[in-house]
Amino acid sequence: MSAPGNLFILSAPSGAGKSSLINALLKQESSRAMQVSVSHTTRDPRPGENNGEHYHFVSIENFKKQIKKKAFYEYAEVFGNYYGTSEASIDEQLAQGIDVFLDIDWQGAQQVRMKKPSVTTVFISPPSRAELENRLRGRGQDSEETIASRMAQAQDECSHFQEFDYIVINDNFEQALADLTTIVENQRLKRNQQIATHKVLLDELIC
């Protein structure tokens, strides 16, 4: 018998390295399948984006119908487009024993926690404000105005770190990845997970 998957939320300000950490985590050998949740959105696909792989692209009418049905763990409107995490889709993956990662902000995390208190939340933090700004500038693709906006947004996001179960400081990438891996493994070793996975053995030991 396999244990149900664990649901994780990873949040971070832009430039903290969250996406790189998630991608590296998923490439590691693991005792359990892992995947990043594919969100629903009403925006148009960008070049190279595939429906069902990068996003589930739906109409605004369809999205609003799903809101009325309370079909999302969380959703938000950003610059006129809606983004949301399907509750049915996530629950199906968890039932299959897959660990699922949600790449969402602190506001989305609050919504998910209301519906699923057992979710494990992780905040990825840059090592300093100066280093975060250096990383944003190092991309070489943002204007001064955009960088200033991202830094202001980062300050707001970092002010919510106390709402998360774990904090990973992404100073040294390999250490941050090891810390994130430890968090995932820790959830898998909790009592209810081990009982579900090793029920026959544990029953035998007390007979």
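The values are calculated or read from the model by the stated rules, or taken from the named source; none is laboratory data. Everything numeric in this text was worked out from a predicted model, so none of it was measured. Ideal geometry is used to build each Cβ from the backbone, glycine not excepted, and the neighbour counts take in all protein chains shown.
Looking across region 27-64 at every residue that is part of a loop (DSSP other than H, G, I, E, B) and of a type in the set (Ser, Thr, Tyr), the one that is farthest from Phe79 (Cα to Cα) is identified as Ser31. Any residue in region 64-71 that is crowded, with 19+ Cβ neighbours inside 10 Å, out of contact with any His (no Cβ under 8 Å at 6 or more places or on another chain), more than 30 Å from Gln194 (Cα to Cα) and not basic (Lys, Arg)? No, because not a single residue in region 64-71 is crowded, with 19+ Cβ neighbours inside 10 Å, out of contact with any His (no Cβ under 8 Å at 6 or more places or on another chain), more than 30 Å from Gln194 (Cα to Cα) and not basic (Lys, Arg).
The residues of region 116-129 include none that are modelled with pLDDT of 95 or more and assigned to a helix (DSSP H, G or I).
Yes/no matrix, rows are residues, columns are (1) in contact with a Lys or Arg (Cβ under 7 Å, 6 or more places away or on another chain); (2) over 30 Å from Asp44 (Cα atoms); (3) surrounded by 13 or more Cβ atoms within 10 Å (Cβ to Cβ):
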| position | (1), (2), (3) |
| --- | --- |
| Val78 | no, no, no |
| Leu136 | yes, no, yes |
| Glu145 | no, no, no |
| Glu157 | no, no, yes |
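Applying the condition of being under 20 Å from Asp156 (Cβ atoms) and among the β-branched types (Val, Ile, Thr) to region 102-119 and asking which residue is surrounded by the most Cβ atoms within 10 Å (Cβ to Cβ) yields Ile104. Residues in region 135-171 that are among the hydroxyl-bearing types (Ser, Thr, Tyr) and within 28 Å of Val119 (Cα to Cα): Ser159, Tyr166.
Let's see how each residue does on (1) surrounded by 15 or more Cβ atoms within 10 Å (Cβ to Cβ); (2) acidic (Asp, Glu):
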site	(1), (2)
Gln141	no, no
Met151	yes, no
Glu163	no, yes
Tyr166	yes, no
Gln175	no, no
Leu180	yes, no
Val200	no, no
Leu205	no, no
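Of the helices (runs of 4 or more DSSP H) entirely within region 160-207, those holding at least 1 residues that are in contact (Cβ under 8 Å) with a residue 60 or more places away in the chain and of a type in the set (D, E, K, R) occupy 173-188, 199-205.
Conditions tested, residue by residue: (1) in contact with a Pro (Cβ under 6 Å, 6 or more places away or on another chain); (2) part of a helix (DSSP H, G or I).
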site	(1), (2)
Ala109	no, yes
Arg113	no, yes
Glu131	no, yes
Arg135	no, yes
Gln141	no, no
Glu145	no, yes
Ala148	no, yes
Ala154	yes, yes
